Amino acid sequence: MSVDLASRHPATQEKMRWLTPNPHLPDGTPSIVSAMFYDLGTGLLERVGDGPQLTIGLQFLIAAKDAAVRQAIADAG
């Protein structure tokens, strides 16, 4: 899934930057988990306009992604 971020609010662009999957993650579950959160973020951008509540929602999504990816790395290790 891909969205054009160029026309989005700078805050939305910044939050989506943090949801972009990190190519340095270990292969397997950590990468898959990271990509799931990016897909959810892009799905939101396809359906919701920019605004303070979207920014907050994306920030919470970033926090959830960080926790889930850390757990996936711990489980793999």
Considering only region 1-52, state which residues are closer than 19 Å to residue 69 by Cα, in contact (Cβ under 8 Å) with a residue 12 or more places away in the chain and either touching a Phe, Trp or Tyr at 6+ places or on another chain (Cβ under 7 Å) or of a type in the set (Gly, Ala, Ser) (or both). 19, 20, 21, 28, 34, 35, 41
Tell me, which helices (runs of 4 or more DSSP H) lie completely within the chain with 3 or more residues that are surrounded by 11 or more Cβ atoms within 10 Å (Cβ to Cβ), of a type in the set (S, T, N, Q) and within 13 Å of the chain's Cα centre (by Cα)? 29-47
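Quick note: the coordinates plus some simple rules give every number you see, no bench work behind them. As the structure is a prediction and not an experimental result, all values here were calculated from the model. Here Cβ is always computed from backbone atoms with ideal geometry, including for glycine, and neighbour counts include all displayed protein chains.
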